1. Checking D49 against (1) open to solvent by 10 Å² or more (accessible area, probe 1.4 Å); (2) more than 28 Å from L238 (Cβ to Cβ); (3) in contact (Cβ under 8 Å) with a residue 24 or more places away in the chain, which test does it fail?
2. I137: buried (at least 24 other Cβ atoms within 10 Å of the Cβ), within 29 Å of F281 (Cα to Cα) and at pLDDT 95 or above, yes or no?
3. Confirm whether E74 is open to solvent by less than 40 Å² (accessible area, probe 1.4 Å), more than 30 Å from H265 (Cα to Cα) and among the acidic types (D, E).
4. Identify the single condition in (1) closer than 28 Å to G85 by Cα; (2) open to solvent by less than 30 Å² (accessible area, probe 1.4 Å) that L261 does not satisfy, given that it satisfies every other one.
5. With respect to R142, is the statement that it is without any contact (Cβ under 8 Å) to a residue 24 or more places away in the chain, over 12 Å from V243 (Cβ atoms), surrounded by fewer than 16 Cβ atoms within 10 Å (Cβ to Cβ) and of a type in the set (D, E, K, R) true?
6. Scan the stretch 122-157 residue by residue and report those that are aromatic (F, W, Y) and more than 18 Å from P266 (Cα to Cα).
7. Quick check: is even one residue across the stretch 159-172 charged (D, E, K, R), in contact (Cβ under 8 Å) with a residue 40 or more places away in the chain and not in a loop (DSSP other than H, G, I, E, B)?
Amino acid sequence: MSGRTVRESPRTVLVTGAAGGIGRAVVADLIGAGFRVVGADLERGDAEDGCVRFVTGDLSEAKTVTECFAAAREAAAEKDGVFAGVVHLAAYPAPGIVSEDETLRANVLAAYLVFQEAGRLGVPRVVGASSAAAVGIAWADRDLHPVYVPVDEDHPDLTVDSYGLSKVMSEKAAEFTTRRHGTVTVMLRFPFVGAGPRLRERLAEVHADPASNRRELWGWLHTPDAARAVRAALTADLTGHHVVNVAAPDSAALEPTRELLETHHPTSEIRGALDGHASLFDTTRSRELLGFTAAGREEITEAD
């Protein structure tokens, strides 16, 4: 596991969705790397531990977004430091939590408001959480198949669900922000993310019934790796806008990858070797742009 990091201090980062599973890990990782973190979410929970400021509110409301950026600018100024970037994680993380239209409205509007405020204020870097669901297969109401595998960031958009569409539109909002303001934007496409009991339960489910995970293409990522990928995206030497797959190098299933494809996605064009339990997500861009590689199952202990 790696991530190129340029250490400058003090640097302040605004993290939205700081109380979520990935958000808490990102906050802890950034603080451990020497960043000063301003957190934001609907509720505090224990997410404010270590944060220099914490703002509560709905990120799909402009007033809350304004408060978040004001808090981050104040936090940076008090240490003569730099407001170095924004990590935008706040979103409904799956369909079915609220109605389809509210999923789309809240996720896309929050992304647009946060990205545009960052651009308007000249914040140099925005990292956002997208999803493997942006491909359109994971939450579809029917069985869809990748056009080709491994799936890269240029795979055709197959979305037929509002959650997947919200991620596609959030990526477009990031691209728009780069074009409009020159802000560097990086959207990380995460698959299932978990650690500890959450990860063990998911792996057990997939091992018992690999077909149940066919729409998610057996992708997964260890939560600490999600946090390290965020830090890599914040600190890598980049310009422009980027969408980047971040996934473990192996699948969550016990069956070899080619067997899974033959059974569940027989029409997908196979590009590359896909030996053993190779992931069906192409992470070349993650390695080459961010200098980041995630852990596989054999590198994670029971304690993780």
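The values are calculated or read from the model by the stated rules, or taken from the named source; none is laboratory data. Quick caveat, the model's predicted, so the values are computed rather than measured. Here the Cβ positions follow ideal geometry from the backbone for every residue, glycine too, while neighbour counts run over all protein chains shown. Only protein heavy atoms, including side chains, enter the accessible area calculation; ligands, DNA and RNA are left aside. Shrake-Rupley method; radii C 1.70, N 1.55, O 1.52, S 1.80 Å.
1. (3)
2. For I137, the condition - buried (at least 24 other Cβ atoms within 10 Å of the Cβ), within 29 Å of F281 (Cα to Cα) and at pLDDT 95 or above - is met.
3. When the stated conditions are applied, E74 does not pass them.
4. Here L261 clears every test but (1).
5. yes
6. W139
7. Yes: the stretch 159-172 contains one or more residues that are charged (D, E, K, R), in contact (Cβ under 8 Å) with a residue 40 or more places away in the chain and not in a loop (DSSP other than H, G, I, E, B).
Residue by residue, here is whether (1) over 26 Å from L261 (Cα atoms); (2) acidic (D, E) holds:
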residue: G194; (1), (2): no, no
residue: R200; (1), (2): no, no
residue: E205; (1), (2): no, yes
residue: R215; (1), (2): no, no
residue: A227; (1), (2): yes, no
residue: H241; (1), (2): yes, no
